[in-house]
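Some notes on the structure that comes next.
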Amino acid sequence: MTIDEDVHAISPYFEVRQTAWGGRACFSNGNIPKGTTVLKVANSTGISISYEFRKEVCHNCFAYDNARTMKYKLNYDCVKNLIPPDANCKINPKKFLGAGLWFCSEYCRSSYLQKPNIIELVECYELLLCHFPNMLKRYNTDIEQENKLNSISISESIIQSAWDEIESNWIPRIDHMKPTKKVSQLPAISEDEYCCIRFVCESLFNLKHMERQCITYRAFNMLQSNELSKISKFPVLLHFQKLVFQTLYILLPSHTRKMLTISLLRHILGTEYGNAFGLWQEGEAAESREYFGYWVFPEASYFNHSCTPNVTKYRKGNIMLFNVNTDIKKNEQICIDYSGVLELPTVKRRKFLADSWFFDCACERCKSELQPVH
Ligand SMILES: C[S@@+](CC[C@H](N)C(=O)[O-])C[C@H]1O[C@@H](n2cnc3c(N)ncnc32)[C@H](O)[C@@H]1O
């Protein structure tokens with residue numbers, strides 16, 4: 001894997017280099033004193049808030065108020081001035097549902113709406129929200145079908161032929177249909193699929209409007225995909241991904257649908273599996289905080305994991321910070337903890353990492369704890 005020169009510019013404190021055992025990783029450029037913030041990121045490419053928390057978490061700052069519904073949602077008056085006069089916008093003024101966006105304050109609502117071109121994303125979310133109840137109504141948990149889908153043995157070529165089938169049969173068939181007939185082809189989906197669809201939708205929107213030369217865009221393109229490992233473990237995900245694609249293909253307005261290619265969707269989802277950060281409640285102890293969902297920060301995805309991490313990550317509103325928790329010497333690897341289970345004994349900790357993150361941890365602590373005792 002080559003390391004794009006620009007990825008070196010992620011932080012003045014470290015550069016990204018190839019390792020012998022864990023792909024690419026971050027190495028300090030010089031001595032770094034304890035307490036230094038080596039990375040601060042606000043440019044997530046996509047966020048997924050779980051269905052359960054959709055009204056309880058502010059979509060701008062991710063504040064949470066003990067399961068209370070956020071006070072501010074979108075109404076048509078908030079968005080009408082954002083619709084360009086000549087746009088063929090599908091937002092219905094009389095039936096506007098609020099795009100599934102909830103905020104803790106007027107300030108957060110207006111900050112969110114100030115993002116350039118945001119009306120495109122609001123329109124996509126609104127269309128999804130309008131159609132979702134019908135799609136959910138038709139969904140029923142079919143354990144037998146799920147077990148059947150999960151029993152398929154997955155390989156690169158099985159994944160490829162599933163997508164080839166969509167490309168050569170399903171898309172041309174849909175393209176020939178009238179709009180109302182297309183909508184009748186929407187699949188039945190669950191709440192999890194709906195949240196994933198919103199995540200992909202936001203990723204497409206953000207990528208569409210990102211400078212091609214900017215560090216976030218370049219770092220995103222170079223992210224490592226864990227598609228094969230994850231789908232091999234949960235084959236039903238292949239079916240899940242096809243439903244996500246089909247829904248977006250049918251519903252997205254043309255401005256965002258032109259971004260939707262099978263290869264981009266596979267990269268968005270394949271890289272999410274190994275690179276997303278948990279979106280956790282702020283200010284609570286690790287054992288009692290709520291898990292709201294996940295988000296992807298491409299620049300922060302080149303830190304490898306260590307069971308004795310020298311960097312601590314935390315969230316402050318919609319920003320992620322990475323602070324050095326010990327003095328670091330020049331050329332030392334800078335690592336974070338992916339797992340949240342560092343107190344577990346070696347075997348259990350390593351099993352957790354292998355099962356949830358798909359790698360056999362090769363950090364120094366694991367190496368030393370695995371040494372035979374003489
Ligand atoms: C978020 S990425 C980190 C950057 C990654 N090394 C790369 O080249 O893109 C996570 C992946 O890095 C590798 N990795 C991270 N920490 C590791 C560790 N302690 N031991 C072995 N592999 C590790 C695994 O392949 C994992 O799926």
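Here, each number is a calculation from the coordinates, and none is a lab measurement. This one's a predicted model, so the numbers in the text were calculated from it and none came from an experiment. Cβ coordinates were reconstructed from backbone atoms using ideal geometry, including for glycine residues, and neighbour counts include every protein chain displayed.
What to note about this one:
- Checking every one of the GluC sites (Glu not before Pro) in region 135-235 against DSSP loop status and a limit of 12 other Cβ atoms within 10 Å picks out E211.
- Shown here for region 294-342: trypsin sites (Lys or Arg not before Pro) in loop regions (DSSP other than H, G, I, E, B) with at most 14 other Cβ atoms within 10 Å, namely K329, K330.
- Each other residue within a Cβ distance under 12 Å of V296 adds +1 if Lys or Arg and -1 if Asp or Glu, for a net charge of -3.
- For the chain, radius of gyration divided by Kirkwood radius, i.e. Rg to Rh on alpha-carbons: 0.97
- Taking the inverse of the mean reciprocal distance over all distinct Cα pairs, the Kirkwood hydrodynamic radius of region 243-316 comes to 15.1 Å.
- Over region 66-275, equivalent-ellipsoid semi-axes from the Cα gyration tensor in Å: 30, 21, 19
- Cα-based convex hull, region 298-348, per residue volume (Å³, whole number): 111 Å³
- Dipole magnitude of the chain, debye to nearest 20 (Cβ charges: Lys/Arg +1, Asp/Glu -1, about Cα centre): 640 debye
- When the listed pairs K90/K115; K115/K316; K34/K55 are checked against a 31 Å cut-off, the alpha-carbon distance exceeds it for K34/K55.
- Taking other C-beta atoms within 10 angstrom as a stand-in for reagent exposure, L82, L74 fall in the order L82, L74, fewest first.
- One chain, two ends: Y314 and I118. Fully extended at 0.36 nm per residue, the span grows by 67.9 nm beyond their Cα-Cα distance.
- Span-rule helices in the chain, defined as complete DSSP H runs reaching 18 Å or more along the axis (Cα) with Kyte mean at least 0.0: 118-137, 191-208, 236-251, 262-275
- For region 1-104, convex hull of alpha carbons as volume per residue, Å³: 234 Å³
- Straight-line cross-link partners of K230 among the lysines, defined as a Cα under 28 Å from its Cα and at least 8 positions apart when in the same chain: K148, K208, K242, K258, K313, K348, K351, K367.
- Spatial separation of Cα centroids for region 7-72 and region 103-178, in angstrom: 25 Å
- For the options R212, R54, R257, a Gaussian network treatment of the chain with springs between C-alpha atoms closer than 10 Å singles out R212 as fluctuating the most.
- Short-range pairs are left out: with C-alpha atoms under 8 Å and at least six residues apart, the relative contact order of the chain is 26 percent.
- Cβ crowding within 10 Å, taken as a proxy for footprinting-reagent exposure, orders K181, K230, K40 from fewest neighbours to most as K181, K40, K230.
- Sorted by Cβ density within 10 Å, fewest first, the residues Y302, Y314, Y13, Y51: Y314, Y51, Y13, Y302
- P(r) weight above 19 Å for region 216-374, C-alpha pairs, percent: 65 percent
- Candidates D360, D327, D142, ranked by Gaussian network fluctuation over the chain, Cα under 10 Å, top entry: D142
- Comparing I197, I171, I262 in a Gaussian network model of the chain, where Cα atoms under 10 Å apart are tied by springs, the biggest mean-square fluctuation is seen for I171.
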